[in-house]
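No value in this document is a laboratory result; all are computed from the given coordinates. Bear in mind that the values here come from a model prediction, so they are computed numbers and not experimental data. Here the Cβ positions follow ideal geometry from the backbone for every residue, glycine too, while neighbour counts run over all protein chains shown.
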């Protein structure tokens, strides 16, 4: 039992037995709940008008998946989702870099308007921004989605980078200036690379959020994965496929996002290991969970909540 | 501009629904989040496993899909609520893992020696967590928790796309009715969101500074 570190003793025989019993009860409850959900979904339903609808796992609700064209259509939609996320990610990092430089500028005429702009963009739902861009600039759905994601996530990444710059030792800047570099060059050549590296896990966590938020394209009419499956395909093949199509979309989203967030965590851990020497176990925290827990929590707490 | 003043009552009702979604969603998300956080640090392995899986899965699901889940799957399971109730469920479920993670990060921020001292005095798990660790963790938890609520406020806008007449939904309806004043209408909507999110952000930043000084 190496899970939680110091909150409780290494369990003795009695505690182990109790824990095992509770574990079994817990697993039984969870498995029971899942079984009930699956049974209810599988059971045929009585619809209004006395028609009996087949259960959710009945073959006639899944037969379209034997057609290659359905998968092709889902694949194209996945590509569109990833495309929006990819353009958004590149743009958001660039905007983030620019904003963090402007926001930390010495000149108040640059700093203050930037701060106001950041506060404004951060406090607004992305969805509202998408609608605004779509209607006011008539950009088409893709660019409405992408631009809003760039602006919103760019401000958050910019703030993360700013925090990274602020957390550097003062000597880094002083050394750069004393070498005769201008303040801007000091920032770009010395402070920035360090801040970027330190904040990389947070930035990647933010990019997971960005990927999740592409599903808002559903609402502004961009045919991404969710819209393609639950709207276009379900309309085309009939509503009885709604559940299975939704299920497939959910599975694809979960796969992509889980992989990305595991990558972010792995990156955070390997960075931490580099910094603390090659030892496997870096600074201990009460929960003995992933190292760099605070940075992670910051990522999940402030930015990570797929803000819309 | 005139459109905003003409429709001020409409904005106001939308604002109240947004506020309601934020508060109710926030309260239930906090309750679920506390339970998940306790599971996550508990001595019982199965509960820890459950909490971890729950956190991972819910965090990786886009909110739009959570709303969809409520709209398609819950009715099949016999939960047939009005859309507003579905919005409450979707928002609290979606927000709960973020609350749990904020709590966990707060607990992680408490110095290791505190828990060690409590343990060496002979306090059990419940006493260590309840009397020593948790009270200290709360102060470090509140700023990230406020950030979670800010994000929740903005996330309520998705409910507007699922037939709940909150601010975003109101904005969309007004735009449909007055196509010539899109900019003014949407800026009006943005203003009402900022009324909630900017002050909360200021409070969070202030508290963060306070915590940072004493740490």
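Values as computed for the structure displayed
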| item | result |
| --- | --- |
| Subset tally (residues that are away from chain A (no Cβ under 11 Å), buried (at least 16 other Cβ atoms within 10 Å of the Cβ), touching a helix residue (DSSP H, G or I) at 6+ places or on another chain (Cβ under 6 Å) and over 20 Å from residue B:63 (Cβ atoms)) for region B:156-180 | 1 |
| Residue list for region A:175-191, restricted to those being part of a helix (DSSP H, G or I) and surrounded by 12 or more Cβ atoms within 10 Å (Cβ to Cβ) | A:175, A:176, A:177, A:183, A:185, A:186, A:187, A:188, A:189, A:190, A:191 |
| Any hit, region B:29-51, residues being more than 21 Å from residue B:126 (Cβ to Cβ), touching a helix residue (DSSP H, G or I) at 6+ places or on another chain (Cβ under 9 Å), without any contact (Cβ under 8 Å) to a residue 60 or more places away in the chain and crowded, with 18+ Cβ neighbours inside 10 Å | no |
| Test: residue in region B:204-213 that is facing chain A (nearest Cβ under 9 Å) and out of contact with any strand residue (DSSP E or B) (no Cβ under 7 Å at 6 or more places or on another chain) | yes |
| Number of positions in region A:246-276 that are free of Cβ contacts under 8 Å to residues at least 24 places away in the same chain and either within 18 Å of residue B:70 (Cα to Cα) or in contact with a strand residue (DSSP E or B) (Cβ under 9 Å, 6 or more places away or on another chain) (or both) | 5 |
| Every pair of residues 6+ apart whose Cβ atoms lie under 7 Å, when the first sits in region B:81-110 and is more than 8 Å from chain A (Cβ to nearest Cβ) and touching a residue at least 40 places away in the same chain (Cβ under 8 Å) while the second is crowded, with 24+ Cβ neighbours inside 10 Å and not in a helix (DSSP H, G or I) | B:83/B:164; B:84/B:164; B:87/B:164; B:91/B:156 |
| Residue B:184 vs. criteria in contact with a helix residue (DSSP H, G or I) (Cβ under 6 Å, 6 or more places away or on another chain), more than 10 Å from chain A (Cβ to nearest Cβ), under 15 Å from residue A:131 (Cα atoms) and surrounded by fewer than 22 Cβ atoms within 10 Å (Cβ to Cβ) | yes |
| Some residue of region A:203-215 being free of Cβ contacts under 8 Å to residues at least 40 places away in the same chain and either within 14 Å of chain B (Cβ to nearest Cβ) or touching a helix residue (DSSP H, G or I) at 6+ places or on another chain (Cβ under 8 Å) (or both) | no |
| Selection status of residue A:52, within 30 Å of residue A:224 (Cβ to Cβ) and more than 9 Å from every other protein chain (Cβ to nearest Cβ) | no |
| Boolean, residue A:128 is crowded, with 20+ Cβ neighbours inside 10 Å and in contact (Cβ under 8 Å) with a residue 60 or more places away in the chain | no |
| Residues located in region B:111-131, provided they are within 29 Å of the chain's Cα centre (by Cα) and more than 10 Å from chain A (Cβ to nearest Cβ) | B:127, B:130, B:131 |
| Exclusive hit being closer than 30 Å to residue A:158 by Cα, assigned to a helix (DSSP H, G or I) and either more than 10 Å from chain B (Cβ to nearest Cβ) or in contact with a strand residue (DSSP E or B) (Cβ under 7 Å, 6 or more places away or on another chain) (or both), set A:70, A:95 | A:95 |
| Subset tally (residues that are under 20 Å from the mean Cα position of the chain (by Cα) and in a helix (DSSP H, G or I)) for region A:107-142 | 8 |
| Filter result for residue B:173 (over 27 Å from residue B:96 (Cα atoms) and assigned to a helix (DSSP H, G or I)) | yes |
